[in-house]
Amino acid sequence: MRRGSNLPAVGTYKRTLVLDLIRRAPAGISRIELAARTGLSPQTLSNVARRLVAEGWVREGTPVASGPGKPRTPLQLDPSARCAVGIHLDPAVDTFVVVDLLGEVVAHAERTPRQDGSADDIVADLARAVDDLLAEAGRDRRSVLGVGVAAPGPLDADRGLLFEPPLLPAAWHQLAVGPRLSAATGLTTTLEKDVVAAMVGELWRDASQELQDSIFFYYGAGVGAGLAVDGTPIRGRTGNAGDIAHLVVEPGGPVCGCSQRGCLGVAISPERLLVDAGIVAPGHPIAAPALRGHLRALAARAAAGDERARRAAEHAGASLARAVVQINNLLDADVVVVGGPLWSLLSPTAAPALNRGVADSTETATLGGIRVLDSRLASEAAAVGAACLVLDAAMTARPTDLMIADSPV
Ligand SMILES: [Zn+2]
C-alpha cells in the first residue's frame, strides 16, 4: 500500500517523464509539445530539457517551421548516450547483452554455465564476462547505467540473493549475486526473476502496445510465466510471481518431483522430449548445459521427417496449449508470447501444435480468442529484459514512484 506524495521524488519524476516522452518519439518532440503533454510549465520544461541536453541524454534536432512564429526544435534521445548490461543465468546457457537506451542489443555473448569452482570463481567469471562484453561494445564503464541479472526463482530480489536454483551446482546456492557482482564490477546490480525480466524486455520493445495485458511463457531448462497487466510487469509481493511448473496438463503423464503426475514442468521438460524422441536413453542423466545441443538434434530430426522427434515436439506444444488456456482464463490477457533460451529450437514443430491446441480448446473462457506470438527477443528475452530493468529505473515514469511506501525499502 502506498499513499501520499514523496516530494523529493517529484523532481526526479518530472525529469523521467520528459525523458520517457522523448524516447517514445523517434522523430523527436518539441518543448511546446512536451509542455502540452506533461502539463509542466514552460520554465520547468526548459530547465529539465537543458539538463538532459547538457548530460548528453538528449540532442537537439533540426528546427522545423510549422506556421508563424519561431521554428520548433525537436528533442531526440541519443540512444548511445548510456547503456545497460543484462545477464541471464539459465542452467542451460548464460546470456550476456549490452543494450543502448532504446533497448537495442549492441553486443551479445553466450557462455556455458560454470559447473565447478567456488562462489568466488562464479562471481569473478561473471564480472570478467561483463568487462569483455563492454570492451567488445566499445563502451566506457562510466556510460553504464547498471547491470540487470535475470535468474531462476525463487530468489530474494531485494537482497540480490539466489536460493537454490534447480539444475545449478551447489556453489550457486545462497549466492548473493547482486551485491557480490556489484562489488566486483563497481556497477549497480539488480536481480530479478527470469520470467519477470523477460516480460519487461517484451514490454520495452512493444512499440504498438499490444502486450499491455499479456502472458510470456518461458521455455528454458525450466518453465515459467511472466505476466503484464495494464502495461506493468507483475512481480508479486516478493518478486517470485509466475511459477507454473506444477500446473497439471497431462493426467497420467510422467511423475513430478512434487509426486503428482503430468505437471507442466515435467510434461514438456527437455529431458522428457529427448527420451520420447529416442535421443537419450530413459534414466540417463543429462547435464543442463548439454540440453541445447540435444534439442538441436531433436529439431533437426523432426525437420528431416523423423516421426518420433516430430511427435515429441508436437506433444509438448499440445501440453503447453493446455497451460496457456488456463493461465489466460485467469488473466483474460488474450495475447501470449512464447520464448526463452530453448523455445526457438522447438518452435518450428511445437508452435503449430500449440496454436492448434489453443484454437481448438473448449476450455477458453475469454471472448476474444488467444493470439500466440513468438517472442521478438527469442532466446535473448530475459537478458535483454534484465538490461531493460536498468533502463526502466532511469527512463520509465510511473506515478507510483511518487507515492510514499508504507514500509521502508
Ligand atoms: Zn509437480
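The values are calculated or read from the model by the stated rules, or taken from the named source; none is laboratory data. Values in this document were obtained by computation on a predicted structure and should not be read as measured data. Heads up, the Cβs are rebuilt from the backbone with ideal geometry, glycines too, and the neighbour counts pull from every protein chain shown. Heads up: the accessible areas ignore ligands, DNA and RNA and are worked out on the full protein's heavy atoms, side chains in. Shrake-Rupley method; radii C 1.70, N 1.55, O 1.52, S 1.80 Å.
Out of the residues in segment 118-152 that are open to solvent by less than 20 Å² (accessible area, probe 1.4 Å) and not in a helix (DSSP H, G or I), which is farthest from A241 (Cα to Cα)?
Selected residue: V144.
For segment 51-73: of the residues being over 32 Å from the mean Cα position of the chain (by Cα) and of a type outside the set (G, A, S), which is least open to solvent (accessible area, probe 1.4 Å)?
Of everything passing the filter in segment 51-73, T73 is least open to solvent (accessible area, probe 1.4 Å).
From T188, T232, grab the single residue that is closer than 29 Å to R139 by Cβ and surrounded by fewer than 17 Cβ atoms within 10 Å (Cβ to Cβ).
So the residue among T188, T232 that is closer than 29 Å to R139 by Cβ and surrounded by fewer than 17 Cβ atoms within 10 Å (Cβ to Cβ) is T188.
Taking segment 214-267 as the region of interest, how many residues are in a loop (DSSP other than H, G, I, E, B) and within 12 Å of the ligand (Cβ to nearest atom)?
Of the residues in that region, 16 qualify.
Based on what the data block shows, is L274 in the same structural domain as R371 (by TED's automatic domain parsing), more than 17 Å from I87 (Cβ to Cβ), part of a helix (DSSP H, G or I) and more than 16 Å from the ligand (Cβ to nearest atom)?
yes
Can you tell which of L346, L391, L330, L354 is open to solvent by 70 Å² or more (accessible area, probe 1.4 Å) and outside any strand (DSSP E or B)?
It is L330.
Could you grab the pairs with beta carbons closer than 8 Å, sequence gap of 6+ or different chains, first residue in segment 242-256 and under 17 Å from V324 (Cβ atoms), second one near the ligand (Cβ under 8 Å from one of its atoms) and open to solvent by 40 Å² or more (accessible area, probe 1.4 Å)?
Matching pairs, first to second residue: H246/C258; H246/Q260; V248/Q260.
State all residues of segment 74-86 that are assigned to a strand (DSSP E or B) and open to solvent by 30 Å² or more (accessible area, probe 1.4 Å); if no residue qualifies, say none.
Q76
Just to be sure, is L320 within 16 Å of the ligand (Cβ to nearest atom), touching a residue at least 40 places away in the same chain (Cβ under 8 Å) and not small (G, A, S)?
In short, yes.
Looking at R296, R292, which is the one that is touching a residue at least 12 places away in the same chain (Cβ under 8 Å), open to solvent by 60 Å² or more (accessible area, probe 1.4 Å) and away from the ligand (no atom under 16 Å from the Cβ)?
Matching residue, one of R296, R292: R296.
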